[in-house]
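Data block below; observations after.
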């Protein structure tokens with residue numbers, strides 16, 4: 001049974017298209033100056049934002065891998 | 001479909017009644033902290049991140065409820081968690097765009113933002129769209145509540161010798177009356193604290209049910225091995241079936257839903273605005289989305305997974321034909337004992353009530369701020385006395401009752417969908433895109449003009465209506481291969497079409513501003529009024545479906561052009577007037593918020609005792625010079641004073657301003673108004689922290 005359209009295809013779409021939105025968000029907030037990396041607190045928040053993206057990517061990736069056995 | 005009645009025992013009902021009474025008493029206790037409309041709607045902007053995080057649980061879990069996610073978990077497995085775990089993509093926009101703008105611009109509602117960023121006309125249209133969205137959301141909440149309790153009720157009961165059938169709508173009316181009570185007399189502080197308690201209880205109840213359910217089916221290994229592979233995958237199939245597919249739900253929920261929830265759900269926004277500062281709001285959002293939402297996804301969906309496992313091993317206990325919207329109640333009643341079932345059901349229904357309460361409170365806030373106050377201003381009553389404040393608080397409470405009634409009526413629009421999930425998906429896909437696009441472009445694109453936002457509302461809605469009428473022609477090019485169900489065409493993927501047309505209209509109008517200006521210089525008031533009438537007639541024709549598709553599409557293009565030109569004529573755009581309202585001017589927003597240049601030097605947090613100063617009416621507090629030096633503060637800077645007991649989460653606190661210094665270290669002088677607002681107890685230690 002071909003499960004690609006039920007497993008890795010939605011995964012790639014989610015983190016591909018979602019990733020574009022995420023990257024666009026980071027670009028705009030940095031470009032507009034609302035995320036100001038000269039402030040130590042903002043630098044920490046940037047790390048949190050990256051962590052969140054990787055966190056969810058790993059949750060979905062690991063569960064897909066486990067489900068497919 | 002198999003449906004149920006009379007599930008549960010009298011013990012369960014006793015537990016539920018006791019639970020509800022306890023929750024209402026708890027809410028009423030905190031209702032006494034409501035003294036002004038600011039308290040009623042925003043809880044006085046003083047709470048810590050952890051309190052807001054947990055109180056959001058009850059709101060979020062309630063709105064993305066046990067009923068609808070258990071239903072999808074029962075039908076499709078672990079992919080029911082998708083919608084809880086796709087919100088992170090727009091968090092950068094929220095944390096560093098929308099949230100600071102909301103706080104620093106001191107807007108009380110989303111429509112008020114539209115007035116400040118664009119124009120009063122934009123506010124008017126935003127108010128209509130937002131009220132429709134909020135009341136629809138309340139309707140979905142009531143529908144879910146009704147579907148949750150119906151399986152526990154008998155089919156009919158006898159009153160004074162006559163039999164009364166228990167229907168969904170009758171159950172919802174009774175629920176609405178109970179729901180309206182403490183929101184009407186409590187306000188936002190009551191809701192926040194009630195939700196805080198319920199947030200903990202909900203997670204506990206959901207995980208308890210998961211643990212008991214896993215034990216019931218024979219342990220985790222048995223449970224895991226029982227489920228088919230497709231049930232274990234965390235994401236749905238790419239484009240089938242039409243009632244639950246990944247790509248449709250991505251655009252409906254991860255894009256329109258996430259932006260809608262973070263950017264235009266007034267209920268959630270009011271929670272973030274109740275945080276004591278922007279950084280606390282960011283923490284609340286981050287912890288909630290990163291950690292609480294994945295746990296919540298298990299909490300709300302596990303009954304469906306357990307039900308599926310039981311139905312595989314024992315179809316005589318749970319038939320595969322159980323109605324999806326009833327699976328939660330059925331599974332909970334099977335795996336738990338009497339009393340525990342009552343507790344789980346009480347937690348579920350109370351959480352749903354929290355969601356509805358939050359939304360009622362938020363909708364009342366929009367009504368008071370964007371309808372009641374502008375009317376009073378129009379009538380010349382702008383002076384704010386304590387009597388006016390009391391009258392406004394009374395109006396807020398009456399509005400809450402009116403909104404509750406409208407919410408019950410809104411159920412009629414959704415009750416015929418096969419599941420609450422699809423009703424909610426359809427609702428989100430249809431109502432959120434115009435506002436979502438308008439807020440988003442307004443915040444992040446400073447060139448986005450009033451003409452563009454108003455045309456997005458009118459032209460976007462016109463194109464959305466055409467899409468709803470001709471989905472096979474207009475939405476099909478966006479369908480990613482999803483089959484069109486003629487009964488409910490493209491419930492989810494229509495969000496992509498709707499978002500696309502709204503962004504398209506907004507972008508096109510912004511990019512053609514100079515062309516519009518070439519027309520407006522040749523116009524006078526009479527020609528502008530004439531064009532307005534023509535545009536109004538076209539919009540009327542599209543709404544009431546008076547044109548065949550070709551003419552309707554052409555008319556919409558004309559409508560877009562006319563609206564852009566007319567709005568450009570009446571509302572010239574001046575970028576210098578929007579400082580503080582886009583992500584490009586957050587620092588200016590901070591300066592406007594404070595009233596002078598922010599002091600960003602990081603000082604110490606200090607502990608002190610409060611003392612009352614005599615007869616002072618101004619909003620300053622006085623610290624010793626040494627204490628101010630330790631805080632790196634100057635006269636005129638903003639300061640936050642709070643009770644040191646952390647478990648209060650900032651309930652007893654105030655925001656104020658540094659006044660002239662004195663010489664008594666460890667003492668802060670406050671006035672009577674500040675004492676009452678801060679709810680400070682005698683002889684308690686406070687901490688003070690410079691804000692900016």
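The values are calculated or read from the model by the stated rules, or taken from the named source; none is laboratory data. These figures come from a predicted structure and were not determined experimentally. Ideal geometry is used to build each Cβ from the backbone, glycine not excepted, and the neighbour counts take in all protein chains shown.
Brief remarks follow.
- When residue B:208 is tested against (1) closer than 22 Å to residue B:334 by Cβ; (2) under 24 Å from the mean Cα position of the chain (by Cα), exactly one condition is not met: (2).
- Residue check, residue B:606 touching a residue at least 60 places away in the same chain (Cβ under 8 Å) and within 14 Å of another protein chain (Cβ to nearest Cβ): no
Conditions tested, residue by residue: (1) in a helix (DSSP H, G or I); (2) modelled with pLDDT of 85 or more; (3) touching a strand residue (DSSP E or B) at 6+ places or on another chain (Cβ under 7 Å).
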{"position": "B:374", "(1), (2), (3)": "yes, no, no"}
{"position": "B:387", "(1), (2), (3)": "yes, no, no"}
{"position": "B:394", "(1), (2), (3)": "yes, no, no"}
{"position": "B:417", "(1), (2), (3)": "no, no, no"}
{"position": "B:436", "(1), (2), (3)": "yes, yes, no"}
{"position": "B:461", "(1), (2), (3)": "yes, yes, no"}
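- The lone criterion from (1) assigned to a helix (DSSP H, G or I); (2) modelled with pLDDT under 90 left unmet by residue B:488 is number (1).
- When the range A:1-22 is filtered for residues that are without any contact (Cβ under 8 Å) to a residue 12 or more places away in the chain and facing another protein chain (nearest Cβ under 9 Å), the ones remaining, listed by number, are A:1, A:4, A:5, A:6, A:9, A:10, A:13, A:17, A:18, A:20, A:21.
- From B:344, B:335, B:330, residue being touching a strand residue (DSSP E or B) at 6+ places or on another chain (Cβ under 6 Å) and either under 28 Å from residue B:177 (Cβ atoms) or touching a residue at least 12 places away in the same chain (Cβ under 8 Å) (or both): B:330
- Flag for residue B:319 being touching a strand residue (DSSP E or B) at 6+ places or on another chain (Cβ under 7 Å) and closer than 21 Å to residue B:212 by Cα: yes
- Where helices (runs of 4 or more DSSP H) fall wholly inside the range B:23-122, the ranges with 1 or more residues that are modelled with pLDDT under 75, more than 15 Å from the chain's Cα centre (by Cα) and surrounded by fewer than 24 Cβ atoms within 10 Å (Cβ to Cβ) are B:37-42.
- Residue B:646 satisfies every condition listed in (1) more than 29 Å from the chain's Cα centre (by Cα); (2) closer than 19 Å to residue B:685 by Cα except (1).
- Among residues of the range A:24-37, those that are under 26 Å from residue B:83 (Cβ atoms) and within 7 Å of chain B (Cβ to nearest Cβ), counted: 4
- Some residue of the range A:21-37 being out of contact with any strand residue (DSSP E or B) (no Cβ under 9 Å at 6 or more places or on another chain), assigned to a helix (DSSP H, G or I), modelled with pLDDT under 95 and loosely packed, with under 13 Cβ neighbours inside 10 Å: yes
- Looking at B:405, B:454, just one residue is surrounded by fewer than 17 Cβ atoms within 10 Å (Cβ to Cβ) and part of a helix (DSSP H, G or I), and that residue is B:405.
- Residue that is crowded, with 24+ Cβ neighbours inside 10 Å and within 30 Å of residue B:104 (Cβ to Cβ), where the choices are B:302, B:265, B:279: B:265
- Candidate set: the range B:323-347, residues that are surrounded by fewer than 21 Cβ atoms within 10 Å (Cβ to Cβ) and more than 18 Å from residue B:210 (Cβ to Cβ); chosen: the one farthest from the chain's Cα centre (by Cα): B:338
- Residue B:174 vs. criteria surrounded by fewer than 21 Cβ atoms within 10 Å (Cβ to Cβ), part of a helix (DSSP H, G or I) and modelled with pLDDT under 90: yes
- Residues that are touching a residue at least 40 places away in the same chain (Cβ under 8 Å) and either outside any helix (DSSP H, G or I) or more than 7 Å from every other protein chain (Cβ to nearest Cβ) (or both), drawn from the range A:38-67: A:57, A:61
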